[in-house]
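The block underneath contains the structure these notes are about, expressed in structure tokens.
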């Protein structure tokens, strides 16, 4: 890059050792330019000469790290920009992160100084950036020793997690191309930094640690760019849109959090989402041999029945879809295995013709890679491991003959031996110290199957960030849902016990009698629900509910009303709709009724993209759980609700239906809550 030097403006030995860490990283990674320290109060610092100000430097720095207070930083930045400096690390804080008018004004001034210029400025309130292929590691915090240039780029809104993520990537044996702690992202925000990384020809996979997302269109452009470039993007979501943080007025808030709704939307765009730093790095490692499309085609073929069973359990736990053998492959497998042997995925081949098994799997186009759960110590050069070495060499030969990658992961965590690393080098063997994390990352990497033309383009529909937060309780919610064409159980709201008896006489018992009070969202918590009430017991149930409401302190009894509904039976689900300003509309289906707060979720459907609702319901295996007829009725119900959420119910940010009973005559809403 023709470096002319890097200036550390505001260099200091006091407080947090930003200067020391920055110099250590620059020197350790063989920065090709000079390092100049600027501090008017010191002649030397950390054994280096100090300059009194920027104008005293031997030349204009190409890179400047700014560590001064916020106001002085703006003065120094203006001077440096005027001199022609083009790359900046702004560690200084005191900007928008303060949440004050003064901090926001400083950040606006910073953007103004950079506007219209070809600059790379990371921060403020960040810890720097690295361009490892240029031998420029301007990161002001300790990072992994031995880090080398590579093809992984990493951007983070968290300064501390920048170093943690770099360390995790390094532990996977990978190197870094570009890394940035964007801090406030005043100039290079999270979307722009992802775009920058994707555009780099030396980057293969882009990782992100994300605390907040705000720009829907920018993120859709990032995802489209990555798809076009054929690069994997994986994000660790620490938090997302403001609206999702406020979803807490209902059971839906316990199961439809921002990671779930925004994560489902991002995955629909082709972006991998993970839950831990370790998963983030393991996804990067897996992507060296597998694309997100290939990650759905794993097959476990192993010499151990126990290893096969454990792999099946972990795959189910982490949502890894093991591909079944095709009918022709199954026929070949039966011929290669003893009579009566189980033929499926996973497969125990201990007593069969292993070569014939592997050949059959290699010819099956749905099988994209093999998984070997390794249960013994890793082989080394030691003579005692000759049997293990021979087994690993056979797996290498299998990979060559079938042209399939073979993922070998230790069942119990153990560092990979040097002999194994050498064997894997230059082959299609991929070796990991732990099976559990490997399958967790595989579950993350395997994105929903779709055609490219199913992916959504940029849009601005799907939500408003300025919705008021009013709650519409069950009685009024029932009327609104019914008017929108959503089927609800028969019943009516009444003012007193005699009217409740008259309504019950016109319906089919037994009945649910509930408290109807606008200030109480969850009636069962105050003794406001009585179930299986015969027609002759309706008045008594009303009296009991009134007494419970008075005892709970939610009413003096004068404003109590009642809801009398027919009781229906069938599997109970929670169906929640959330309208998020970032990710748009999404539907979540979970276990409902009294078990809703357990948070057992079948899945979330982003309504801005495909695949269809029917595909999701099938993938959740609901047809097997509730029967194909009830599952078909649920698909129609969800489609109807999605349409109503876009039309008659568009004013509501959240719709909670709990439970929805899958009755013999179709889904019926039993209880509902709407949030404006």
Quiz prompt | Meets criteria (part of a loop (DSSP other than H, G, I, E, B) and within 24 Å of residue 179 (Cα to Cα)) for residue 40 | solution = no
Quiz item: Any residue in region 23-39 that is crowded, with 21+ Cβ neighbours inside 10 Å, closer than 22 Å to residue 187 by Cα, within 36 Å of the chain's Cα centre (by Cα) and in contact (Cβ under 8 Å) with a residue 24 or more places away in the chain?
Solution: no
Quiz item: Of the residues 660, 635, 591, 669, which is farther than 23 Å from residue 484 by Cα and either in contact with a strand residue (DSSP E or B) (Cβ under 6 Å, 6 or more places away or on another chain) or surrounded by 15 or more Cβ atoms within 10 Å (Cβ to Cβ) (or both)?
Solution: 591
Quiz item: Would a scan of region 301-323 turn up a residue that is in a loop (DSSP other than H, G, I, E, B), loosely packed, with under 14 Cβ neighbours inside 10 Å and modelled with pLDDT under 90?
Solution: no
Quiz item: Which number in (1) at pLDDT 95 or above; (2) farther than 30 Å from residue 170 by Cβ marks the one condition that residue 429 misses?
Solution: (2)
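For residue 639, indicate whether it is in contact with a helix residue (DSSP H, G or I) (Cβ under 8 Å, 6 or more places away or on another chain), modelled with pLDDT of 90 or more and closer than 23 Å to residue 474 by Cα.
Taking the combined requirement at face value, the residue satisfies it.
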Self-check item: Members of region 397-421 found to be touching a helix residue (DSSP H, G or I) at 6+ places or on another chain (Cβ under 8 Å), within 19 Å of residue 435 (Cβ to Cβ) and in a helix (DSSP H, G or I), listed by number
Solution: 398, 420
Quiz item: So residue 569 fits all but one of (1) part of a helix (DSSP H, G or I); (2) surrounded by fewer than 20 Cβ atoms within 10 Å (Cβ to Cβ); what number is the exception?
Solution: (1)
Exercise. Read through the list (1) without any contact (Cβ under 8 Å) to a residue 24 or more places away in the chain; (2) surrounded by fewer than 16 Cβ atoms within 10 Å (Cβ to Cβ), then give the number of the only condition that residue 559 fails.
Key: (1)
Practice problem: Tell me which residues, restricted to region 639-657, are in contact with a strand residue (DSSP E or B) (Cβ under 6 Å, 6 or more places away or on another chain) and either under 21 Å from residue 616 (Cβ atoms) or without any contact (Cβ under 8 Å) to a residue 60 or more places away in the chain (or both). | Solution: 645, 654, 655, 656, 657
Practice problem: Out of 186, 163, 168, 179, report the one residue that is in contact (Cβ under 8 Å) with a residue 24 or more places away in the chain, surrounded by 23 or more Cβ atoms within 10 Å (Cβ to Cβ) and in a helix (DSSP H, G or I). | Solution: 168
Practice problem: Quick one: count up the residues across region 500-534 that are assigned to a helix (DSSP H, G or I) and surrounded by 17 or more Cβ atoms within 10 Å (Cβ to Cβ). | Solution: 6
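Conditions (1) at pLDDT 95 or above; (2) closer than 17 Å to residue 121 by Cβ; (3) not assigned by TED's automatic domain parsing to the domain that holds residue 145, marked per residue:
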| residue | (1), (2), (3) |
| --- | --- |
| 170 | yes, no, no |
| 184 | no, yes, no |
| 196 | yes, yes, no |
| 216 | no, no, yes |
| 221 | no, no, yes |
| 225 | yes, no, yes |
| 233 | yes, no, yes |
Quiz item: Can you name every residue in region 572-584 that is closer than 30 Å to residue 509 by Cα and surrounded by fewer than 23 Cβ atoms within 10 Å (Cβ to Cβ)?
Solution: 572
Quiz item: Could you list, in sequence order, the residues of region 304-353 that are more than 24 Å from residue 446 (Cα to Cα), touching a strand residue (DSSP E or B) at 6+ places or on another chain (Cβ under 8 Å) and touching a residue at least 60 places away in the same chain (Cβ under 8 Å)?
Solution: 304
Quiz item: Which members of region 1-15 meet the condition of being farther than 13 Å from residue 63 by Cβ and surrounded by 13 or more Cβ atoms within 10 Å (Cβ to Cβ)?
Solution: 10, 11, 12
Self-check item: Unmet requirement for residue 373, which otherwise passes all of (1) within 23 Å of residue 328 (Cα to Cα); (2) surrounded by 14 or more Cβ atoms within 10 Å (Cβ to Cβ)
Solution: (1)
Practice problem: Sort out which residues of region 98-125 are surrounded by 14 or more Cβ atoms within 10 Å (Cβ to Cβ), at negative phi, out of contact with any helix residue (DSSP H, G or I) (no Cβ under 6 Å at 6 or more places or on another chain) and touching a residue at least 60 places away in the same chain (Cβ under 8 Å), and write them in order of number. | Solution: 110, 114, 119, 120, 122, 124
Practice problem: Test each condition in (1) modelled with pLDDT of 95 or more; (2) surrounded by fewer than 23 Cβ atoms within 10 Å (Cβ to Cβ); (3) over 25 Å from the mean Cα position of the chain (by Cα) for residue 145 and report the one that comes out false. | Solution: (1)
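Mind telling me which of the residues 249, 284, 264 ends up being outside any strand (DSSP E or B), touching a strand residue (DSSP E or B) at 6+ places or on another chain (Cβ under 7 Å) and modelled with pLDDT of 90 or more?
Selected residue: 284, the only one of 249, 284, 264 that is outside any strand (DSSP E or B), touching a strand residue (DSSP E or B) at 6+ places or on another chain (Cβ under 7 Å) and modelled with pLDDT of 90 or more.
The values are calculated or read from the model by the stated rules, or taken from the named source; none is laboratory data. From a predicted model like this one, the values you see are computed outputs, not experimental measurements. In this analysis, Cβ positions are derived from the backbone assuming ideal geometry, glycine residues included, and neighbour counts consider all displayed protein chains.
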